[in-house]
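Taken together, the values in this text are just the output of simple stated rules run on the coordinates, not laboratory data. All figures in this text were calculated on a predicted structure; none of them were measured in a lab. Cβ: placed from backbone, ideal geometry, glycine included. Neighbour counts: every protein chain shown.
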Amino acid sequence: MEDIITMAIESSCDETAVAIIKNGREVLTNIISTQIETHKKFGGVVPEVASRKHIENIDIVVEEALEEANMKFNDITHIAVTYGPGLVGALLVGLSYAKALAYTLGIPLVGVNHIEGHLSANYIAHKDLVPPFITLIVSGGHTHLVEVSDYGKYEILGKTRDDASGEAFDKIARAMGLGYPGGPIIDRLAKEGNREAIDFPRAYMDDGYDFSFSGLKSSVLNYLNAKKMKGEEIVVEDVAASFQEAVVEVLATKALKAAKDKGYDIITLSGGVASNSRLREKIVELASGTNIDVKYPPLVLCTDNAAMIGCAGYYNYIAGIRDDMSLNAVPNLKIGER
């Protein structure tokens, strides 16, 4: 059978990424040009700046991907591209480039949902992984608990009602003056702190699978303000560790509950927050003694990258999904939507 070679393009936020994937799961190259240093001075991603940087970077990244994979354009079977969710201007850069490539080369264009991409990262990391399973997708913009019944078939069991988990990490890091991006900084500091030092609230909501982090965020901000008003010392390591524990305990508990309730023996983690060392530790800890296996991708496949988009694009392609030149950016695209 002839190999299917996917070129994938991802530009939903502040990473310009291009990957070339063979048969869905073999990564030939995965090039990521990050803009973190550019956005650091603003304390977060500035959409207009991100879009301009994508325009500057995308040609270079595509050429680098082809060179590293030792491929030419005529070796590519189809183009996979993120078309949502994300920043509309940033999405349009990658989408426009992908359309131009597909049209010029006369090969199929396949749009990919960015959230589907994140959960597909585990297919690359774990070659034996097949649906069904439960996945916890946690990032700066998304906190979803999803039942994956088959490739491309999803049911959202729960999601955040307010802040995404990664957004909460960034906001608390900013409040403590720690810089951007906040998640990795808090993870690092928490290793030196006492996670039981401060009793921050856990929002379990009800018996369902939804999440809420706004109350926790307010509790941390109130704690910091009270300490400042009294002139008392703030031990940032303890705040980081206690806050992080409150987040990961709820995430891990709900994921385990979903797997047990639905009768699944696999939970996967995906998204930027899946790189959090304590979340990985906690969910494995809670799953020990059960028949539930926890899987997560390497760090490079947790944050935004094009390899995960290529994997999701491959499964869309073999399912017969094709898009035409009318495909547009959908900044608020939900998982399972097209």
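Name the shape class, rounded, prolate or oblate, that the alpha-carbon gyration tensor gives for segment 1-150, where a ≥ b ≥ c are the square roots of its eigenvalues, rounded holds for a/c under 1.5, and otherwise prolate holds if a/b is larger than b/c and oblate otherwise.
Working: a/c = 1.78, a/b = 1.06, b/c = 1.67.
Cα axes put segment 1-150 in the oblate bin.
Could you tell me whether segment 149-223 comes out rounded, prolate or oblate from its Cα gyration tensor? Rule is a ≥ b ≥ c as square roots of the eigenvalues, rounded for a/c under 1.5, then prolate if a/b exceeds b/c, otherwise oblate. Walk me through the intermediate numbers first.
Working: a/c = 2.18, a/b = 1.63, b/c = 1.34.
Prolate, since a/c reaches 1.5 and a/b exceeds b/c.
Would you calculate a helix-derived [θ] at 222 nm for the chain, using -39,500 (n - 2.57) for each DSSP H run of n ≥ 4 and dividing by the full residue count, to the nearest 500? Walk me through the numbers on the way to the answer.
Details: 10 runs with 146 residues, N = 338.
Only helices count here, giving -14000 deg cm²/dmol.
What is the mean projected area of the alpha carbon convex hull for segment 211-338, to one decimal in square nanometres? Can you show the working numbers first?
Working: hull surface 46.1 nm².
For the Cα atoms of segment 211-338, the hull's average projected area reads 11.5 nm².
Across the alpha-carbon atoms of segment 131-299, the computed radius of gyration and Dmax are 16.0, 55 angstrom. Note on E155 and V300: their simple-model spin labels are 3.7 nm apart, each label 7 Å out from Cα toward Cβ.
What size of dipole, in debye to the nearest 20, comes out for the chain about its Cα centre when the only charges are +1 on Lys and Arg C-beta atoms and -1 on Asp and Glu C-beta atoms?
Values: 33 positive and 46 negative charges, 115 e Å.
With only Lys, Arg, Asp and Glu charged at Cβ, the dipole is about 560 debye.
Between the helical axis of 214-230 and the longest alpha-carbon principal axis of the chain there is an angle of about 50 degrees.
Structure note, pairs K171/K254; K191/K228; K191/K262; K53/K228; K53/K153; K53/K262: Cα-Cα distances above 32 angstrom occur for K191/K262; K53/K228; K53/K153; K53/K262. For segment 194-243 versus segment 1-36, the inter-centroid distance based on Cα atoms is 38 Å.
May I ask for the equivalent-ellipsoid semi-axes of the chain, computed as the square root of five times each C-alpha gyration tensor eigenvalue and listed largest first in whole Å? Could you put the intermediate results ahead of the total?
Numbers: eigenvalues 246, 110, 51 Å².
Gyration-tensor ellipsoid for the chain: 35, 23, 16 Å.
Classify segment 264-307 as rounded, prolate or oblate from the Cα gyration tensor: take a ≥ b ≥ c as the square roots of its eigenvalues, call it rounded if a/c is under 1.5, otherwise prolate when a/b beats b/c and oblate if not. Verdict is oblate for segment 264-307.
Available extension along the chain between I234 and D293 is 17.4 nm, counting 0.36 nm per residue and deducting the alpha carbon span. Extension gain, D207 to E281, is 24.3 nm, computed as 0.36 nm per intervening residue step minus the present C-alpha separation. A full extension of the chain between L105 and K334 corresponds to an added length of 79.4 nm, given 0.36 nm per residue minus the alpha carbon distance.
Would you calculate the convex hull of the Cα atoms in segment 102-212 and tell me its volume per residue in Å³? Walk me through the numbers before you get to the answer.
Numbers: hull volume 20.3 nm³, N = 111.
Taking the convex hull of the Cα positions in segment 102-212, it is 183 Å³ per residue.
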